[in-house]
Amino acid sequence: MAAEDQRPSAAERGAHAANRLLDLVFPQNIYCLCCGDTMENSRVHGICDKCAEKINWLDHDPFRASLEDFAFDHVMSCCVYGFYPRKIMHDLKLHGKPYIARSIGPLMAEKALMEGGDHTAVVPVPCTKAKKKKRGYNQAELLAKYAAKELELPVWTDVLMKVKETPSMRLSTGEERRNLMQGVFSVDQNTCAKLRGADILLVDDVLTTGSTADACARTLKDAGAKTVSVLCFASSARAFEPELERELRLSDTDGEMVPERYTGSENAGNRLYN
Ligand SMILES: [Zn+2]
């Protein structure tokens, strides 16, 4: 990639400036990211106690039960993609609130620290240049940046590229999705040498079917990465079990239906949150 492509766009510089300004206007962790209420005791991750209780914090990511179906080696998500996590991610991604990553990135880092593992670098799931230009930022990149800061790891944003938009694949099977994802991601030939033998922590906002993370992991490994661990804020219920996935495909509830047995216990949540 040419050096000029690495320079932040006007939109990115704008988002960065807005983020710095927000630090002054809205000091972090005074308003809850979920309900917007002021928090009596400033919480580290910007979620008030009442909302934190309603989130299904995950002990073990449901995708872990079917790792053999994916190119990644390990997977970690903080919580189930239910009502509140969805609100937070929509605000971050669709409602132009990039500063949310300052709270959620460190929360994700804590999850990674709890799980352990040695990582060489953090790689965000990229979006296409067109998408980034339109939004002004890539939410996965912001989450990766703030998580990496806590993890004291470098962030590699120049190795993995998204060269095609993800095709629509709501009704596809796992194998069909894998085929559809072919050629969506690629590595930069000028920078990919550093991937050789690296243990990558791949960061995304939400794990829905696992197809995106799978395609990224496949691309990174083809370029020489030794292992790829996936770190997400939330995991959708879609992949919890085939029957549930079928039900969800029919009802399109977008991960709202979650069997009790798959959600984190109260204790697991408290361990992560406190
Ligand atoms: Zn709240």
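Where a number appears in this text, it was derived from the coordinates with a stated rule and is not lab data. Remember, predicted model here, so these are calculated numbers, not experimental data. So basically every Cβ, Gly included, is an ideal-geometry build from the backbone, and we count neighbours across all protein chains shown.
Some points to look at:
- Peptides 186-198, 147-159 ordered by packing proxy, namely the average of other Cβ atoms within 10 Å per residue, highest first: 147-159, 186-198.
- Which of Cys78, Cys232, Cys127 has the fewest Cβ neighbours within 10 Å, and the rest in rising order: Cys127, Cys78, Cys232
- Residue pairs exceeding 23 angstrom between C-alpha atoms, taken from Lys54/Lys145; Lys93/Lys131; Lys93/Lys134; Lys132/Lys226; Lys87/Lys111: Lys54/Lys145; Lys132/Lys226.
- Residue order, fewest to most beta carbons within 10 Å, for Met181, Met114: Met114, Met181
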